[in-house]
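Below you'll find the structure, written out as structure tokens, and then a few comments.
The values are calculated or read from the model by the stated rules, or taken from the named source; none is laboratory data. Since the structure is predicted, the reported quantities are computational estimates derived from the model, not experimental observations. Note that each Cβ is placed from the backbone with ideal geometry, even for glycine, and that neighbours are counted across all protein chains shown. Side chains are part of the model used for accessible areas, which takes the heavy atoms of the whole protein and leaves out ligands, DNA and RNA. Shrake-Rupley method; radii C 1.70, N 1.55, O 1.52, S 1.80 Å.
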Amino acid sequence: MSSSSTLASEISQAQTEALSAIAGALDAAGLRSVQAELAGKKSALTVLRSQLGKIQDAEERKSAGQAIHACAQTIEAAIGERMALLLAGERAQQVASEAMDLSEFVTAKRRGSTHIVTQATQRLEDVFIGLGFQVAEGPEVETDFYNFEALNMPKTHPARSEFDTMFIEPASADQEPNSVLLRTHTSPVQIRVMQSWKPPIYAVMPGRVFRRDTPDATHMPVFHQIEGIVVDKGITFAHLAGIIEAFTKAFFGNEFTSRLRPSFFPFTEPSAEFDIRRANGAWIELGGCGMMHPNVLRAGGIDPDEYTGFAFGFGIDRMAKERHNVEDIREMYTNDLRFLRQFS
Ligand code: FA5
């Protein structure tokens, strides 16, 4: 081994070289390879350390060992400092590159918009408000009484089976099974409105309804209806036909006409099915309607000898489908933005 002064200068040179390699590392990965090299078998410091044993004088060996140790500590500290600096810079760069530029959405005018069915509901409300109606709402979870019984469908009535009903599990053992359900139509709101308002009543009631229907081009298990009732003195079927024709023109446009086909609903007598005719001549069924059955008026607390009324219930999803020429009702619920943006 060289003399102690040569050793001191070799240690100092090893340190200078190490510090300059550390300062020259441009990123954390680069610094890690410098660190591995400095700890490796061929590094100047390792070579110097391996030669310590050759120093005869104990004192000299000890002080050389201390000098190498001090040098190693300086290098280690420098690596720590540089690593912290490089990692902080890399993190800042990553944050900057991953940050969402929200201004992009403002300048591109890509704002959210209401769903096509919500738009149809709002338009329907507007049309009916224009015809002098008020808007009301009812609960989606209903009792058997409002969904069936009060609508002239007692427990054994065969028409109940037409509504593929989803029932809510009884909350307690003393609650009758199948007495609470997801409403199968918006007609229960007729009863609720009659019970809380006094005639004359001109009301529409939009909302979500539920049936165990298999989805296809014109059916969904969860869909929307708008119910309408008029209860006043001297109301006849001619008023119902007039309102439906006025509504068809206002909602779909003047090129559409409507027709009423005889039908059956337990809660209306006579009953009709409401169809509209498109410009191409095709007829599409949109809902049911009729003169309110005296039992229904009574369930709503109204005297059928004094008042008469009509009711209707239209499928909103089908109306949106027809108005916008949508092929398949399911398309409205796949949440495909390319489809939905056409109506924003
Ligand atoms: C009823 O629900 C009656 N409550 C309507 C009514 C109200 C009649 C007041 C008389 C007086 P219906 O089951 O036919 O009737 O449904 C009415 C409309 O809802 C249908 O014409 C259709 O447009 C729509 N509809 C029915 N089932 C579905 C479904 N699964 N998916 C989408 N729309 C549906």
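Any idea which of (1) modelled with pLDDT of 85 or more; (2) open to solvent by 50 Å² or more (accessible area, probe 1.4 Å) is the one Met100 doesn't satisfy?
(1)
State whether the residues of the stretch 248-269 include one that is under 27 Å from Gln119 (Cβ atoms), in a strand (DSSP E or B), touching a His at 6+ places or on another chain (Cβ under 9 Å) and of a type in the set (Asp, Glu). Step through it out loud before you land on a result.
Here is the first cut: in the stretch 248-269, the residues under 27 Å from Gln119 (Cβ atoms) are 248-260.
Next, only the ones that are in a strand (DSSP E or B) stay: 257-260.
From what is left, the residues that are touching a His at 6+ places or on another chain (Cβ under 9 Å) are none.
So far as the stretch 248-269 goes, no, none of its residues is under 27 Å from Gln119 (Cβ atoms), in a strand (DSSP E or B), touching a His at 6+ places or on another chain (Cβ under 9 Å) and of a type in the set (Asp, Glu).
Can you name the helices (runs of 4 or more DSSP H) wholly within the stretch 270-344 that have at least 2 residues being open to solvent by 10 Å² or more (accessible area, probe 1.4 Å) and more than 23 Å from Asn147 (Cβ to Cβ)?
Details: elements: 294-299, 316-323, 337-340.
So the answer is 316-323, 337-340.
Going by the conditions given, is Ala238 among the small types (Gly, Ala, Ser) and open to solvent by 40 Å² or more (accessible area, probe 1.4 Å)? Steps first, please.
Working: among the small types (Gly, Ala, Ser): yes; open to solvent by 40 Å² or more (accessible area, probe 1.4 Å): yes.
So Ala238 passes the test.
Cβ-Cβ under 6 Å, sequence separation 6+ or interchain: first residue in the stretch 169-188 and in the same structural domain as Met220 (by TED's automatic domain parsing) and over 19 Å from Phe267 (Cβ atoms), partner open to solvent by less than 30 Å² (accessible area, probe 1.4 Å) and not polar (S, T, N, Q). Which pairs?
Correct list of pairs: Ser179/Asp144.
Quick check on the stretch 290-344: of everything there that is of a type in the set (Asp, Glu) and in contact (Cβ under 8 Å) with a residue 24 or more places away in the chain, which residue is farthest from the ligand (Cβ to nearest atom)? Walk me through it before giving the result.
Let us first name the residues in the stretch 290-344 that are of a type in the set (Asp, Glu), namely 303, 305-306, 317, 322, 327-328, 331, 336.
Subsequent filtering for residues that are in contact (Cβ under 8 Å) with a residue 24 or more places away in the chain retains 306, 317, 322, 327-328.
Details: Glu306: 21, Asp317: 5, Glu322: 10, Glu327: 15, Asp328: 12 Å.
Top of the filtered list is Glu306.
Across the stretch 244-278, what is the number of residues that are aromatic (Phe, Trp, Tyr) and away from the ligand (no atom under 12 Å from the Cβ)? Step through it out loud before you land on a result.
Just the residues of the stretch 244-278 that are aromatic (Phe, Trp, Tyr), to begin with: 247, 251-252, 256, 264-265, 267, 274.
This time we only want the ones that are away from the ligand (no atom under 12 Å from the Cβ), so: 247, 251-252, 256.
Residues that pass the stated criteria total 4.
When the residues of the stretch 31-50 are filtered to those that are loosely packed, with under 15 Cβ neighbours inside 10 Å and part of a helix (DSSP H, G or I), which remaining residue is nearest to the chain's Cα centre (by Cα)?
Residues of the stretch 31-50 that are loosely packed, with under 15 Cβ neighbours inside 10 Å, as a first pass: 32-33, 36-37, 39-42, 47, 50.
Restricting the remaining residues to those that are part of a helix (DSSP H, G or I) gives 32-33, 36-37, 39, 47, 50.
Numbers: Arg32: 46, Ser33: 49, Ala36: 52, Glu37: 55, Ala39: 56, Val47: 66, Ser50: 68 Å.
The qualifying residue nearest to the chain's Cα centre (by Cα) is Arg32.
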